[in-house]
Amino acid sequence: MSEMRIHFRHLMLYEFRKGSSVTIATKNICAVYGENALSSRTCRKWFQRFRAGNFCLKDEERSGRPPQIDEDKIRDLVEKSRSLTVQEMSNVLKIPKTTIHRCLKKMGMVSKLNVWMPHELTERKRYKKNCLNLIGKFYHIPIFPRHCPI
């Protein structure tokens with residue numbers, strides 16, 4: 001948490017204890033720190049907390065963001081058994097499937113023939129892919145040969 005946010009919270013507490021309204025407190029703080037330093041909505045939220053008797057200026061614990069996923073656990077599991085599906089990994093690690101899929105993609109792993117392997121595009125494969133793309137642009141095999149003028 002930034003020091004400036006704590007500083008603004010102290011200023012809001014000061015204005016609250018002084019008996020100022022939300023509007024006046026916001027105007028006083030913005031007059032010193034700039035027009036966009038503090039929104040009226042933020043000040044209103046903190047004044048509601050102060051009225052409820054909560055004078056703690058630190059952020060409370062939130063359930064919004066899940067804990068960081070250890071990618072090493074997923075990597076170890078893939079190395080032990082490359083044939084596991086994302087669903088099976090999810091059941092073993094107790095992590096959502098979408099998270100596992102995102103981590104595997106981030107690690108550069110792809111599933112080919114139900115086996116997880118690193119997606120490596122070698123220089124030769126890259127050259128072949130580019131050649132095929134260029135050939136495809138200039139040489140078009142018609143889907144319906146009877147309808148193509150030749």
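Bear in mind these aren't lab numbers, they're just calculated from the coordinates by the rules spelled out. What you see is a predicted model, and the numbers here were worked out from it, not measured in a lab. A quick note on method: Cβ atoms are made from the backbone with ideal geometry, for glycine too, and the neighbour counts reach across all protein chains shown.
Measure off 7 Å from each Cα along the Cα-to-Cβ vector at residue 87 and residue 106, then give the distance between these two points in nanometres to one decimal.
Once both label points are built, they end up 2.5 nm from each other.
Determine, from the Cβ-Cβ distance of residue 58 and residue 128 and an R0 of 41 Å, the FRET efficiency 1/(1 + (r/R0)^6), rounded to the nearest 0.05.
0.10
Using the Cα centre of the stretch 29-103 as origin and beta-carbon charges of +1 (Lys, Arg) and -1 (Asp, Glu), tell me which of 36, 90, 48 is placed farthest towards the positive end of the dipole.
48
Specify which residue in the list 10, 81, 116 is farthest towards the positive end of the charge dipole of the chain, using unit charges on the beta carbon of Lys, Arg (+1) and Asp, Glu (-1), about the Cα centre.
In the chain, that residue is 116.
Ordered by packing density, taken as the mean number of other Cβ atoms within 10 Å over each peptide's residues, highest first, how do 36-42, 83-89 rank? Please report the intermediate quantities before stating the final value.
Numbers: 36-42: 13.4, 83-89: 15.0.
Ranking, from highest mean packing down: 83-89, 36-42.
Hey, with R₀ at 41 Å, roughly what FRET efficiency would residue 120 and residue 4 work out to, going by the Cβ-Cβ distance, to 0.05?
The formula returns an efficiency of 0.35 here.
Report, in deg cm²/dmol and to the nearest 500, the calculated mean residue ellipticity at 222 nm for the chain, where each DSSP H run with n ≥ 4 adds -39500 (n - 2.57) and the sum is divided by the residue count.
-17500 deg cm²/dmol
What dipole magnitude, in Debye to the nearest 20, does the stretch 1-72 give about its Cα centre under +1 on Lys/Arg Cβ and -1 on Asp/Glu Cβ?
700 debye
For the pair residue 80/residue 32, report the inter-label distance in nm, with labels modelled 7 Å from Cα in the Cβ direction.
With each label point 7 Å from Cα toward Cβ, the separation is 5.7 nm.
Sort 128-134, 19-25 for me by packing, meaning the mean count of neighbouring Cβ atoms within 10 Å per residue, highest on top.
Descending packing order for the listed peptides: 19-25, 128-134.
If the only charges are +1 at each Lys and Arg Cβ and -1 at each Asp and Glu Cβ, what is the size of the charge dipole of the chain around the Cα centre, to the nearest 20 debye? Numbers along the way, then the final one.
Numbers: 30 positive and 14 negative charges, 93 e Å.
Dipole size: approximately 440 debye.
Under 16 Å from a point placed 7 Å out from the Cα of residue 94 along the Cα-to-Cβ direction: which residues of the stretch 33-75 have their backbone N that close?
Output list for this probe position: 66-70, 73-74.
Ranking 63, 90, 81 by Cβ neighbours within 10 Å, fewest first, what do you get?
Listed from fewest to most nearby Cβ atoms, that is 63, 81, 90.
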